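Only one structure is covered here, and it is reproduced in the block below.
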Amino acid sequence: MKIQQFLEHHGIHSNPFADEDAQTDLVFKGYCIRNTYHPTWDKICGDPSEPATSVVFGEKGSGKTAIRLQMVSHLTDYNADHPDGQVFVVQYDDFNPFLDRFRDRFSGRRRRPERLLELWRLWDHIDAILSLAVTQLVDRVLEVKQARHPAARDEPLPVEALDAAGVRDVLLLAACYDQSTAENRVQRWHQLRRKLGFSTWRSKWDWAVGIVAALAVLALIVSLGQWKWLLTIWPYLAVLAGWGPRLWRFLRWSWKARRIRRNTRALNHNTNLLRRVLLSFTGGQIVGQPLPDQQRTDDRYELLGKLQGGLRSLRFEGILVLVDRVDEPYLINGSPERMRALVWPMLDNKFLKHPGLGMKLLLPSELERLIEREDRDFHQRARLDKQNLIRSLDWTGASLYDVANARVKACAAEGNAPALSEMFEESIDKRRLMDAFGTLRVPRHLFKFMYRLFTTHCNAHSDENPVWKIPSGTFESVLALYRRDQEAMERGEGAG
């Protein structure tokens, strides 16, 4: 007996429980993403018009990634309905590129994951978030068709609303944080400044001084016929003096570019390209502006404020950063202690409560247990009591039953209205299903169990003698075997 045959008998066109990962789950993306929410959804998501931080802990398979995708979907709808008060969404869920660049800065024993992660600081996180945000902003200003960004409207940004200071800030941020690999950084920066109407001719004054000085010396020699002066040092000193301002600016911004490269440890910078971009600003435009040339958070907060100011001019009222999959980077490899070293720098109340910034931290449950071991100084710095803390992303049997029922309805064939309970014998009522689902705890285990149950039931019967109701004996035996495997996996003795 085939599973598809069993499902079609109940008016279901495809298996509701075939997928376990929300990122590839078509049933979730097509229906459940807007219709099935965790009971704590309102507290986690909050009001987009006033971005706020939430710290959520959940075990593997509890739906953290699903919640992230639901927030993106919800914010897409919100931005469509509020074009003059949008939310700028940054997905901070792929740490590998940043950790790779960070690791390249060190050598010897400091490259070992445990020692390396101990050196990671809050400003490294802010650099990574700014790079994601600024790269997205530049893509959207330049209308890069190949780039896809979360909750973004398909319309040009109103760049004409930026004033002169706003244009300068966006270009300065792009110089320091645009990490696009689509094309040469200098070419991309010049495309951006032309799009924003920023002229760089005034920054060429030192070239003009040098050329005029050289031509003046040459003209003086020619007009006076004093060719013998070329055998003395004075004409060359005069030309060198004329090129002095250019040489001074070149050395100054080369040094500054090297410092930025050295202190943005999670980013990839080329000193020569960065210097060329910085030289496109005049002294009055850039001197005194914050740059990430030191290992401290003060400059990063100022640069974050400049990004927020530019976004407000472009009709974005806030920024939401979605943090997920912190256990997946290859340097972390699921280790709670390594996750702790990566995540703890972010747990800073000043950062988490930064005005106009909402951090949505979707973290593994192992970290919640480590929080209890921290000292008073950590808790005073993090102030998790003020961060919309969800200590456990729990699912009750009733809520998992609703999830299963919603997926069955999402896969209903046209003209049908199937229900999960109709697939079982009468002895297995809704209460028994809820009690059983409660022992599975999270949606991923529910989906795995239901898929195994369908497979076991269908394998037990032939096409000639199909049985359309799952009997109690099959249900209980498969549940017991799955619970045993689930416990083994939690002890680290099975693959799940």
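Side notes on the structure shown:
- Two-site FRET efficiency, Arg194 against Glu302, from Cβ-Cβ distance with R₀ of 22 Å, rounded to 0.05: 0.25
- Relative intensity of the range 68-225 on a log10 scale, I(q)/I(0) at q = 0.14, 0.15, 0.17 Å⁻¹, equals -0.87, -0.95, -1.10, per a Debye sum over C-alpha point scatterers of equal strength in the absence of solvent.
- Translational diffusion of the range 426-496 was estimated from the Stokes-Einstein equation, with Rh taken as the Kirkwood radius over Cα pairs; at 20 °C and 1.002 mPa s the coefficient is 164 µm²/s.
- Convex hull volume per residue for the chain, taking Cα atoms only, in Å³: 194
- Sparse packing (at most 12 other Cβ atoms within 10 Å of the Cβ) combined with a DSSP loop state is found for the following GluC sites (Glu not before Pro) in the range 396-433: Glu414, Glu426.
- Gained length - Glu414 relative to Glu487, 0.36 nm times residue gap less alpha-carbon distance: 22.3 nm
- Note on the range 201-286: dipole from Cβ charges, positive end direction compared against Phe250, Ile221, Leu278; the farthest Cα belongs to Leu278.
- Selection among Ala165, Ile33, Trp468 by position relative to the dipole of the chain gives Ala165 as farthest towards the positive end (Cβ unit charges, Cα centre).
- About its Cα centre, the chain has a charge dipole of approximately 3160 debye under the convention of +1 per Lys or Arg Cβ and -1 per Asp or Glu Cβ, with nothing else charged.
- Against the chain, whose longest principal axis is taken from its Cα atoms, helix 64-81 shows a tilt of about 60°.
- Where Rh is the Kirkwood radius over Cα pairs, Rg/Rh for the range 201-286: 1.17
- Packing around the peptides 341-354, 150-163, 248-261, taken as the average count of other Cβ atoms within 10 Å per residue, puts them in this order, highest first: 341-354, 248-261, 150-163.
- Diffusion coefficient, µm² s⁻¹, Stokes-Einstein with Kirkwood Rh over alpha-carbon pairs of the range 332-390 at 20 °C and 1.002 mPa s: 176
- DSSP-defined beta bridges in the chain - what % are antiparallel, rounded to 5: 5
- For the chain, the longest principal axis of the Cα atoms and the long axis of helix 244-263 meet at an angle of about 20 degrees.
- 5 angstrom amide H check on Phe424, placed H, neighbours 5+ away: Ile470
- If R0 is 56 Å, the Cβ-Cβ spacing of Asn459 and Arg115 corresponds to a FRET efficiency of close to 0.65.
- Förster-model FRET efficiency, 45 Å R0, Asp21 and Trp205, C-beta, rounded to 0.05: 0.20
- Additional length obtainable on full extension of the chain from Arg148 to Leu237, 0.36 nm per residue less Cα span: 26.5 nm
- Cα-centred dipole magnitude for the range 201-286, charges only on beta-carbon of K, R (+1) and D, E (-1), debye, nearest 20: 660
- Simple rule: put +1 on each Lys or Arg Cβ and -1 on each Asp or Glu Cβ in the chain, find the dipole, and look at Thr24, His13, Gln295; the Cα lying farthest toward the positive end is Gln295.
- What separates the Cα centres of the range 427-496 and the range 196-275 is a distance of 75 Å.
The numbers here are math on the coordinates, done by the rules we state, and not lab data. Predicted model only: the values in this text are computed from it and were never measured. Note: ideal-geometry Cβ built from the backbone for every residue, glycine included; neighbour counts use all protein chains shown.
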